[in-house]
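One structure is given below, encoded as structure tokens.
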Amino acid sequence: LLMYDQEGRSGLGVVHWVAYGIAPAVTGFAENEISTPSPKYVGGRSTLNLPYYMGPCPPVNTGHHHYVYTVIATDAEPSELPAGLTMPELLARLNGRAKGGSSIVLRYGRP
């Protein structure tokens with residue numbers, strides 16, 4: 001699972017969440033469960049070097065940012081992916097191993 005704000009940091013982008021190694025039996029997370037490390041996923045590293053979810057937080061009066069949430073199915077075993085991968089590192093390791101993916105874009109801004 002990836003969450004990326006492409007407009008963050010004045011267009012440089014902000015990675016809000018990198019999570020992988022999620023068992024197929026996991027169909028969801030409890031409220032606030034992803035705001036701290038969880039045994040249900042392996043935490044990568046966000047732009048702020050966090051191993052867990054960091055919610056949308058665009059600066060005031062910067063318009064609506066586009067938050068892209070992406071899930072990727074892969075045949076890689078969870079043990080093949082060490083904790084702490086950045087989004088580019090994870091995508092590089094999944095190259096040739098991805099079986100499918102889907103994204104949704106949500107918009108959020110603060111007046």
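The values are calculated or read from the model by the stated rules, or taken from the named source; none is laboratory data. Small disclaimer: the values here were computed from a predicted structure and weren't measured. Note that each Cβ is placed from the backbone with ideal geometry, even for glycine, and that neighbours are counted across all protein chains shown. Surface areas here come from the heavy atoms of the whole protein model, side chains and all, with no ligands, DNA or RNA. Shrake-Rupley method; radii C 1.70, N 1.55, O 1.52, S 1.80 Å.
Here are the numbers:
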read-out	value
Calculated FRET efficiency for the pair Arg97/Thr62, C-beta based, R₀ 41 Å, to 0.05	0.70
Dipole magnitude of the chain about its Cα centre (Cβ charges: Lys, Arg +1; Asp, Glu -1), debye to nearest 20	200
Sparsely packed GluC sites (Glu not before Pro) within segment 1-42, loop by DSSP, other Cβ within 10 Å at most 15	Glu31
Segment 15-44 and segment 64-78: distance between their alpha carbon centers, rounded to Å	12
Protein accessible area in the chain, 1.4 Å probe - carbon and sulfur %	57
Accessible area expressed per residue, the chain, with surrounding protein chains retained (probe 1.4 Å, Å²)	60
The chain, relative contact order in percent, only Cα pairs under 8 angstrom and at least six apart counted	31
Estimated 222 nm signal from helices in the chain, with DSSP H stretches of n ≥ 4 weighted -39500 (n - 2.57), rounded to 500	-2000 deg cm²/dmol
